[in-house]
Amino acid sequence: MEVGRALLLTVMVAAVVCLPMVIALIFCADELVDRLACRCAQWRSRHRERRTIARLDRAVEADALTRNIDLSSFDRPDRQPLERLATDLRRLGGQRVGGYGRSAVWYEAALRAYDDRLRLACVALGVMQHLDGLTGVDREIERVRVEGALHRAGLILPSAQPEYRQRHR
């Protein structure tokens, strides 16, 4: 009988000690279930993405497409990020178009800097350009062509957009 009372007392103490944990589990059960469901959904999504990428790699033979590309050219320390080139091109393009009232020297320097950034963007995106050997109107036409080619390659410049109207000089 003494053992029964000791066991009953132990069970009662354990119940009283564990009661706050049980109450917390009851109140937080929906949060725990929600976290578990989210993790399962994320795992399924990642698994689906990996399967889709693997199927696309097999379908397009991605290894054969990228075998001849030298990826070390992208890791050069002198290579500028494309985002910085795009920002510079937008800023210099605005100065080039809106540079009225400035000296001819300033305008030519802004134009040279714009052409330099165009060349760097062409190298980064693999677009052919011939700005070096041209002058005058021919260079302006090539500049417009290069802006359009960069636009098609994914670099959006204000002067390359059809709805953007430049002011006449």
Please go through region 100-130 and pick out each residue that is surrounded by 17 or more Cβ atoms within 10 Å (Cβ to Cβ) and either free of Cβ contacts under 8 Å to residues at least 24 places away in the same chain or in a loop (DSSP other than H, G, I, E, B) (or both).
A110, L111, V127, Q129
Failed item in (1) part of a loop (DSSP other than H, G, I, E, B); (2) at pLDDT 85 or above, with N68 passing the rest
(2)
Candidates R39, R79, R46, R55, filtered to the one that is at pLDDT below 85 and among the basic types (K, R):
R79
In this structure, is R96 among the basic types (K, R), assigned to a helix (DSSP H, G or I) and modelled with pLDDT under 85?
yes
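The values are calculated or read from the model by the stated rules, or taken from the named source; none is laboratory data. Everything numeric in this text was worked out from a predicted model, so none of it was measured. Positions of Cβ are generated from backbone atoms using ideal geometry, with glycine treated the same way; all protein chains shown enter the neighbour counts.
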